[in-house]
1. Which helices (runs of 4 or more DSSP H) sit wholly inside the stretch B:176-269 and have at least 1 residues that are under 13 Å from the mean Cα position of the chain (by Cα)?
2. If you scan the stretch B:1-46, which residues turn out to be more than 17 Å from residue B:298 (Cβ to Cβ) and outside any helix (DSSP H, G or I)?
3. Test residue B:151 against the criterion of being assigned to a helix (DSSP H, G or I), more than 18 Å from the chain's Cα centre (by Cα), farther than 29 Å from residue A:105 by Cα and not polar (S, T, N, Q), and give yes or no.
4. Hey, among A:131, A:146, A:150, A:154, which residue is within 11 Å of another protein chain (Cβ to nearest Cβ) and small (Gly, Ala, Ser)?
5. Consider the stretch A:51-66. How many of its residues are surrounded by fewer than 19 Cβ atoms within 10 Å (Cβ to Cβ) and more than 9 Å from chain B (Cβ to nearest Cβ)?
6. Can you go through B:111, B:99 and tell me which one is surrounded by 13 or more Cβ atoms within 10 Å (Cβ to Cβ) and at pLDDT below 95?
7. So the check is Cβ under 6 Å with 6+ separation or different chains; which pairs have a first residue in the stretch B:98-115 that's more than 14 Å from residue B:56 (Cβ to Cβ) and in contact (Cβ under 8 Å) with a residue 12 or more places away in the chain and a second one that's assigned to a helix (DSSP H, G or I) and not polar (S, T, N, Q)?
8. Looking at A:24, A:69, A:84, which one is without any contact (Cβ under 8 Å) to a residue 24 or more places away in the chain, hydroxyl-bearing (Ser, Thr, Tyr) and either in contact with a strand residue (DSSP E or B) (Cβ under 8 Å, 6 or more places away or on another chain) or crowded, with 17+ Cβ neighbours inside 10 Å (or both)?
Amino acid sequence: MTATLHVERLGIRFGGLVALEDVSFSVAPGSIHAVIGPNGAGKTTLINLITGLYRPTSGRMLLDGAPLSGLASHRIAARGVARSFQNTELFTELTARENVLAGLHRHLHYGLAETVLRLPRWRHAEREAAAQAEALLARVGLADQAEVAAGDLALGQQRRLELARALATGPRLLLLDEPAAGLRAAEAEDLVRVLRDLRDTLGLAILLVDHVMRVVMQVSDRITVLHHGRLLADDLPEAIRRNPQVIAAYLGGAPHAA
Amino acid sequence: MPRALLLLALAGLVLLPFQAPSHITYLVALIGTTTVIVAGLAIVVGLAGQISIAQAGFAAIGAYGSAQLANWYGLPYWLGLPAAALVAALVGYLFGLLSLRVADHYLALTSMAFCAILQLLLVHLEDWTGGAVGLAVPPATLGGFTLDKPVQLYAFIMPCAVFATWLLNSLRHAKLGRAFAALRMSEVGAAAVGIPVLHHKALAFALSAFLGAWGGGLFALQTTYLDPAQFGILESVRLIAIAVIGGLLNPLGPAIGATIFVLLPEMMGGFGRYMTLVFSLALLACLVLAPAGLGGVVHRLWKRA
């Protein structure tokens, strides 16, 4: 079975700074794959490379065997790669519903003339999109907040809205940048449930970047560890937990990992 | 009931030319023309968030374009106006592509330069534009008879203004309008959901230029004489002021702004040479007290009622 995402000897440098070097790993279909590492390890850089915000200086990325490198962000999204952002990039003045509708952009097929004349094609497409948006908002527990401006939602709700918007694009691969950061314990539990549900019911491959070890260890099928832009380990969660190199790098030698 | 109020206003627009003196009919038609031009700005500045100081330039393309197509080739207005507007839309799209290289304030400055260059061309390409002396606009003809009375122009212009307003309203419930709003609030976020940002910025400029040129063509018919001085940077700024005062995100904003900017100077004639000052102060007060524009105020009142 080919991997959903295959990253091969990926590297990027900003001027003299090597942010990522020689990083290779694969995300299996229908799996949750975590990338962890201390601050500055290159985790967000990795997501930005995969989504085309940065161009790699070496190596390549394959989505279901097809190269992603060099494509513009919106084309990568069209291939089925959706993401969330560490500090959320929601459309703050739009309502939660409109944010999800914007995520459905590529799946709406009608033109300006059909919009202005309110032709059936526009009407049907918008009605169907509204139903889909409703379902997605319900899925992330925001059904009651549909008419609230995204910028007025609480942080945890904004994260979930961004997830719903990402799902609206119809992805094969979902990239989540620190979805658990700053969440209370109960919210983190919810997140774990939602991620497992997405993997199991939609068969999504999920690449997760996070610091919150409780969430990462609970939810991941496999973990990749980055340190100073290089691959430190790539293994099952249990093995990562016991890997002395990981413990040393991540906790500066402290013995307890979780 | 907003809907009932709107229908009442529409009925009023239909009945007006039968009751009002032709001077008033002319003024209301001028409001209509301005509404069309400013509706373009509501798209590019309001929805898509790209500051454009080029709208007077696009209006010039529509005005001079449709007039000269009639002068040179005898092209009837109902063909020449859309043709000129389409050319303006193409120019607008290409201008929008510049936003790949220049963004934000620099894009605003570039649009200002674009407007200035167009105006210089109007002055110096005398063979094509009539130069600084100006250009007489041939009256529009339809099936043998000539549209030159205020009432006839009114009947032609007002549906255009209603259409432009309707277009703004429609965009709010469509993928295109949401894509514009998305790129205004987060370009990275827009790209991440598969919206091609550059293409949509260019599209916003194209739509804006189309409406600007369309309104410019209507303006040409109304004034019957074109002068390059009418299409400079100052006019672009005035158009932005109208858009902001009316309310950039309200579909009725351009109509509200246009009404005030056309009627107030008429009513404030008594202030004589201080009119500009009084007008500017009124604008300033409006900006401070109602940052969402008068459209925003109307919206709030409706919600309360």
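1. Numbers: elements: B:187-192, B:197-223, B:233-246, B:253-267.
It comes to B:197-223, B:233-246, B:253-267.
2. Passing the criteria: B:20, B:21.
3. yes
4. Details: A:131 fails: within 11 Å of another protein chain (Cβ to nearest Cβ); A:146 fails: within 11 Å of another protein chain (Cβ to nearest Cβ); A:154 fails: within 11 Å of another protein chain (Cβ to nearest Cβ).
Every option except A:150 fails the conditions.
5. Within the stretch A:51-66, the first condition is being surrounded by fewer than 19 Cβ atoms within 10 Å (Cβ to Cβ), and the residues that meet it are A:53-55, A:57-60, A:62, A:64-66.
When the remaining residues are screened for being more than 9 Å from chain B (Cβ to nearest Cβ), the result is A:54-55, A:57-60, A:62, A:64-66.
Of the residues in the stretch A:51-66, 10 are surrounded by fewer than 19 Cβ atoms within 10 Å (Cβ to Cβ) and more than 9 Å from chain B (Cβ to nearest Cβ).
6. None of the others qualify; the one that does is B:99.
7. B:99/B:107; B:99/B:201; B:100/B:198
8. Only one candidate passes the filter, namely A:69.
The values are calculated or read from the model by the stated rules, or taken from the named source; none is laboratory data. Because the structure is a prediction, the values reported are computed rather than measured. Note: ideal-geometry Cβ built from the backbone for every residue, glycine included; neighbour counts use all protein chains shown.
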